[in-house]
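The values are calculated or read from the model by the stated rules, or taken from the named source; none is laboratory data. All values reported here derive from a predicted model rather than from experimental measurement. In this analysis, Cβ positions are derived from the backbone assuming ideal geometry, glycine residues included, and neighbour counts consider all displayed protein chains.
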Amino acid sequence: MNQALSPSTVLLVVAAFVVAALPHLTAMPGWLALAIVAAAVWRALVALLDLPRPGWLVRSALTFGGLALVIMHYGTLWGRRAATVLLCVMVAAKLSEMFRLRDARVVATLGYFLIATQFLFSQQLLLFGYLLIGCALVTAALVRIQRDADKISPPADDGAPGGIRVARLARDGTLLMLMAIPFALVMFTLFPRLGSPLWGMPENALDGRTGLSDEMSPGTIADLFVDDSPAFRAEFDGLVPPREQLYWRGPVLWRFDGRTWSRLFYSNRAPERTPRPDRNAFAYSVQMEPSERRWLFALDYPVGAPADARLSADFELIRKRPVTTLISYDVISQPDFRDAPELQQTLRRIALHLPEGSNPRTRQRAEALRRRYPEDEALIDAVLEWFNQEEFFYSLETAPLGRHGADEFLFDLRVGYCEYYASAFVVLMRAAGIPARIVTGYQGGLWQPSDGYLLVRQSDAHAWAEVWLEGRGWTRVDPTAAVSPSRIEEGARSALSDSAGWFGTEWLYQLRNQYDRLQNLWNKSILGFDAQRQRDFLARIGLDGLSIGARAAVLVALAAIVLVPLVLLTQGLARWVRNTDRLDRAWQRVRRRLQRAGMRPGRGETPLELAARSTDSLANADELITLAEKYSALKYGPVGSLGEIARFDAESAGWRPYRLNPRRSKQSQ
């Protein structure tokens, strides 16, 4: 256990650690990731060049220095990211004292834990490949450590180049991992699942992700266009709504401080009235990716909220806890619902409020429009026609706005993304005396016809306006549709195809869409196998009525049924590996030829004994004796080169036994 490590073992353990930590390295500060990689490279160089080992003072400085750096950067050790970064730092520090098999086994085993912690942040299908490669490499490192501990050194491996040895170890590690899959399937299917995690995490312990928040400033939604990751997927029970109705409602913003829009605390109350579904209602299920925010998205207007969420007065779906894992929820939306036919005076004042002294030119424009168009609908149509006829452009190439943002955008810049138009439009409506607010969410989506679901990406994020009209209540008005109709009809990618660059090339876009079909299947079949689906599965196979003790007994029995063949297979595989190196395969070929010639090798008979016994039966027994001597020298003597083994293989392949003629034998006697 305390014997020294060979250089090849050190290199394999270091490689396994780097692969296991790779996703974490890309998510931590660059200087910290560089320090961890430097520690791994240094340990590899120590093994290769036989450099001096660090003393206890240096090792202590590395350990406590790494701890201090993590605390200084993250400010805490609580939270998924800080904890996993600390684990990476501590394992890197452990490399400085990894000079015994015991320490190498600890480092390699922690590689499994590092791989598992990555799934706290993402459970994408691509990470399954990382899981397989990482676990196979860690298992190969443990196999190598155990061989060193048992002082097992197969001649074929020792005489092979380093790359071949690593490939054989990786093969063994992969085979061992694949053999564990049946047992893993039993545990995945039958092990009891909880309806909620074992622990809770405060919101400030989570990683921030790109997505919609409860505030909006010009430019915040435009930043999401470059994020092509999925936001959610929707499957409809019947007909898919037309594209002009695919407005996925998120945070509703009322307050405006001159630059930033934010939610209204009053909106957190429950709605006074909710819609009743009729034949025009849409029923669908949503599969939402982790956003680490509490917003759920639905079409206008959701009839009710899922079990773990609530419906606000602005018909927002707000979850009790942030969405930190893939979730699914069912929604029914009624598009014909009339929201707030009567507007309270308090809400009217808020929906008309503008910062004092802000945007004077916009106010003047609103007053002129009001004098010309006394009716609210006519004034709104005039503004939309202005956007459509004048030189307004829909683009990501925007400039930052100052204190009078609406003035600068409407009369100077005239180039912007959806939030620029929504913000300026609402300011103009309020200045004209029309209550207005902003709604953020997503618009459109990509229909996947072969799998029957709608894919909504982060790049589909959108902002639009709602105005309150007498007798109609809150009514959606999308000024972006007047400037760029293709944004609503075909999506943001079509309207901004020139801004996507190489990332938006058609072949890559289609490739991402096809990959998402696989991701959707992975989500539904693997990640979606929650506690409820497990109960349904147990009910189908008749195990739902069993007690907890009986279920545990069934689980143990099935695990034993799976493990016993695995153990037997492992033992057989070990024997096969021992007997399948090139040298042994060559001698086994000679033994089979002797057996076909009538000379059955005896149990426990050595190659030299077998060759000596053949002198009375074979005419070319001297050749067999030469082969047996070469085999014994290569097998049990000093380690032979690959060339010597190859020559023996060729000689044994060309050798054939020739039996003596019985009559000639009698005459000679």
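Remarks
- Index of the failed condition, Leu455 passing every other in (1) modelled with pLDDT under 85; (2) within 20 Å of Phe232 (Cβ to Cβ); (3) assigned by TED's automatic domain parsing to the domain that holds Glu235: (1)
- Comparison of Gly444, Gly402 shows that the only residue that is over 30 Å from Tyr509 (Cβ atoms) and touching a helix residue (DSSP H, G or I) at 6+ places or on another chain (Cβ under 9 Å) is Gly402.
- Matching residues in region 348-368 - criterion: being touching a Leu at 6+ places or on another chain (Cβ under 9 Å) and crowded, with 19+ Cβ neighbours inside 10 Å: Ala351, Asn359, Thr362, Arg363, Arg365, Ala366
- Filter result for Thr63 (in contact with a helix residue (DSSP H, G or I) (Cβ under 6 Å, 6 or more places away or on another chain), surrounded by fewer than 20 Cβ atoms within 10 Å (Cβ to Cβ) and more than 14 Å from Val14 (Cα to Cα)): yes
- Qualifying positions in region 589-604 - without any contact (Cβ under 8 Å) to a residue 24 or more places away in the chain and surrounded by 13 or more Cβ atoms within 10 Å (Cβ to Cβ): Arg591, Pro601
- Flag for Ser6 being polar (S, T, N, Q), more than 26 Å from Leu120 (Cβ to Cβ) and surrounded by 16 or more Cβ atoms within 10 Å (Cβ to Cβ): yes
- The number of residues in region 524-545 that are assigned to a loop (DSSP other than H, G, I, E, B), surrounded by 11 or more Cβ atoms within 10 Å (Cβ to Cβ) and either of a type outside the set (Asp, Glu) or touching a helix residue (DSSP H, G or I) at 6+ places or on another chain (Cβ under 6 Å) (or both) comes to 4.
- Selected residue [at pLDDT below 90, surrounded by fewer than 17 Cβ atoms within 10 Å (Cβ to Cβ) and acidic (Asp, Glu)] from Asp228, Asp207, Asp257, Asp214: Asp207
- Tabulated pairs, region 344-355, first under 15 Å from Glu470 (Cα atoms) and not assigned by TED's automatic domain parsing to the domain that holds Glu272, second modelled with pLDDT of 95 or more and small (Gly, Ala, Ser), C-beta under 8 angstrom, 6+ apart or interchain: none
- Within the set Arg476, Arg430, the sole residue that is charged (D, E, K, R) and over 37 Å from the mean Cα position of the chain (by Cα) turns out to be Arg430.
- Flag for Gly405 being under 24 Å from Ser358 (Cα atoms) and small (Gly, Ala, Ser): yes
- Leading residue by the ranking (modelled with the lowest pLDDT) among those in region 458-496 that are assigned to a helix (DSSP H, G or I) and basic (Lys, Arg): Arg493
- Of everything in region 504-562 that is of a type in the set (Asp, Glu) and within 26 Å of the chain's Cα centre (by Cα), the residue that is nearest to Gly445 (Cα to Cα) is Asp516.
- Selection status of Arg647, exposed (fewer than 15 other Cβ atoms within 10 Å of the Cβ) and free of Cβ contacts under 8 Å to residues at least 12 places away in the same chain: yes
- Hits in region 328-349 (condition: out of contact with any Pro (no Cβ under 8 Å at 6 or more places or on another chain) and β-branched (Val, Ile, Thr)): Thr346
- Qualifying residues in region 353-410 (those that are in a loop (DSSP other than H, G, I, E, B) and small (Gly, Ala, Ser)) - the one farthest from Leu264 (Cα to Cα): Ser395
- Restricting the first member to region 301-329 and to residues that are among the acidic types (Asp, Glu), and the second to residues that are surrounded by fewer than 17 Cβ atoms within 10 Å (Cβ to Cβ), the beta-carbon pairs closer than 8 Å and six or more apart or on different chains are Asp308/Lys320; Asp308/Arg321.
- For Ile332, the criteria (1) within 29 Å of Asp237 (Cβ to Cβ); (2) assigned to a loop (DSSP other than H, G, I, E, B) hold in every case but one, which is (2).
- Test for Glu272: is it assigned by TED's automatic domain parsing to the domain that holds Leu347, farther than 30 Å from Glu408 by Cα, buried (at least 19 other Cβ atoms within 10 Å of the Cβ) and among the acidic types (Asp, Glu): no
- Boolean, Gly195 is surrounded by 15 or more Cβ atoms within 10 Å (Cβ to Cβ), in a loop (DSSP other than H, G, I, E, B) and at pLDDT below 90: no
- Strands (runs of 3 or more DSSP E) lying entirely in region 219-325 (those with 1 or more residues that are of a type in the set (Gly, Ala, Ser) and closer than 22 Å to Gly445 by Cβ): 230-236, 247-253, 282-288, 309-311
- Subset of region 444-472 [surrounded by 16 or more Cβ atoms within 10 Å (Cβ to Cβ) and at positive phi]: Gly444, Gly445
- When residues of region 100-121 are limited to those that are surrounded by fewer than 17 Cβ atoms within 10 Å (Cβ to Cβ) and modelled with pLDDT under 85, the one farthest from Ser6 (Cα to Cα): Leu120
- Restricted to helices (runs of 4 or more DSSP H) entirely inside region 1-92, those with at least 1 residues that are of a type in the set (Gly, Ala, Ser), without any contact (Cβ under 8 Å) to a residue 60 or more places away in the chain and on the phi < 0 side of the Ramachandran plot are 30-49, 56-74.
- Residue count for region 377-392 satisfying the condition of being surrounded by 12 or more Cβ atoms within 10 Å (Cβ to Cβ), under 17 Å from Ala424 (Cα atoms) and touching a residue at least 60 places away in the same chain (Cβ under 8 Å): 6.
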